[in-house]
1. (1) part of a loop (DSSP other than H, G, I, E, B); (2) over 15 Å from the mean Cα position of the chain (by Cα); (3) under 30 Å from residue 2 (Cα atoms): which one isn't true of residue 244, the others all being true?
2. Just wondering, is there one or more residues in the range 158-175 that are farther than 24 Å from residue 124 by Cα and more than 16 Å from the ligand (Cβ to nearest atom)?
3. Name the one entry in 75, 71 that is surrounded by fewer than 22 Cβ atoms within 10 Å (Cβ to Cβ) and within 16 Å of the ligand (Cβ to nearest atom).
4. Do we have residue 225 as within 18 Å of residue 184 (Cβ to Cβ), surrounded by fewer than 19 Cβ atoms within 10 Å (Cβ to Cβ), in contact (Cβ under 8 Å) with a residue 40 or more places away in the chain and within 13 Å of the ligand (Cβ to nearest atom) here?
5. Would you please name the residue that is surrounded by the fewest Cβ atoms within 10 Å (Cβ to Cβ), looking only at residues in the range 4-19 that are in a helix (DSSP H, G or I) and without any contact (Cβ under 8 Å) to a residue 60 or more places away in the chain?
6. Given the criterion at pLDDT 95 or above and more than 16 Å from the ligand (Cβ to nearest atom), identify the matching residue among 202, 233.
7. Identify, from the list 260, 297, the residue that is at pLDDT 95 or above, surrounded by 16 or more Cβ atoms within 10 Å (Cβ to Cβ), within 22 Å of the chain's Cα centre (by Cα) and not in a strand (DSSP E or B).
8. Please specify each residue of the range 103-138 satisfying the condition of being on the phi < 0 side of the Ramachandran plot, within 16 Å of the ligand (Cβ to nearest atom) and assigned to a strand (DSSP E or B).
Ligand code: NCD
């Protein structure tokens, strides 16, 4: 049985296969509409979500399967004091596969040790978010036609943004990737990502506070929201939340084929005037998320 806890649980070949299957699903969705008949996906969301939970659920429905679960810890037995391990053992009796989001880093890993069905990490605290990364890789592959030779600007909350941590980890395996890490000093990329991923893999990266400084060099600009729920103090959040607001004028030097991404939800970091720009890919990114999750469910359930 295979789980997806960290993006490196998948080899590069497996990721390539998932992208291939997702592209095939986009072209021939009918071929897949009964692949998961009689299968059930449980979504256990101990933390809020719109896209991740609903895209998992809609992915399973489009495969002909069923879904069950909860969208807040307060409506589950967690509120009575049940441990994650016991919840997982229970839900494994009702479902074939589980997607789980939890505020504690490592909770899905603990769950996977106890689970009798595959576990998918749908986000654990400020740590990892591998299915967002699969979504991002499919988006990049469709929009840029390559996963190598890219200069990628990552902007916003690089400290607590789990999508950033997983994306850097994934991209470290591709060739000629350069990162421009754009954040306020307080929200810089954690040291462990620098040491264990960027430096270990001899990756080229530059840290800056200025979103415009390297704009003309970027193939991808990946914006993120300041992660309010991970802050210890409201004052810091209020001071940092509007640090970057991408608008048309900041894009004036950008490449014509820049791909602007965002895992969403957006708060203020991309002005709505950018939404009509052909380079804005963040809503397309949402729809890619469903197809790659369909491919992932098939893989983890071992359905050809
Ligand atoms: C992200 C997350 O939950 O980490 N959202 C998502 O899954 N699409 C990003 C965020 O919440 O800022």
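The values are calculated or read from the model by the stated rules, or taken from the named source; none is laboratory data. Predicted model only: the values in this text are computed from it and were never measured. As a convention, Cβ positions derive from the backbone with ideal geometry for all residues, glycine included, and neighbour counts pool all protein chains shown.
1. Unmet condition: (3).
2. yes
3. Result of the check over 75, 71: 71.
4. No.
5. Narrowing the range 4-19 to residues in a helix (DSSP H, G or I): 7-9, 12-19.
Still in the running and without any contact (Cβ under 8 Å) to a residue 60 or more places away in the chain: 13, 16.
On the way: 13: 8, 16: 14.
Going through the qualifying residues, I end up with 13.
6. Only one candidate qualifies: 202.
7. 297
8. 120, 121, 122, 124, 128
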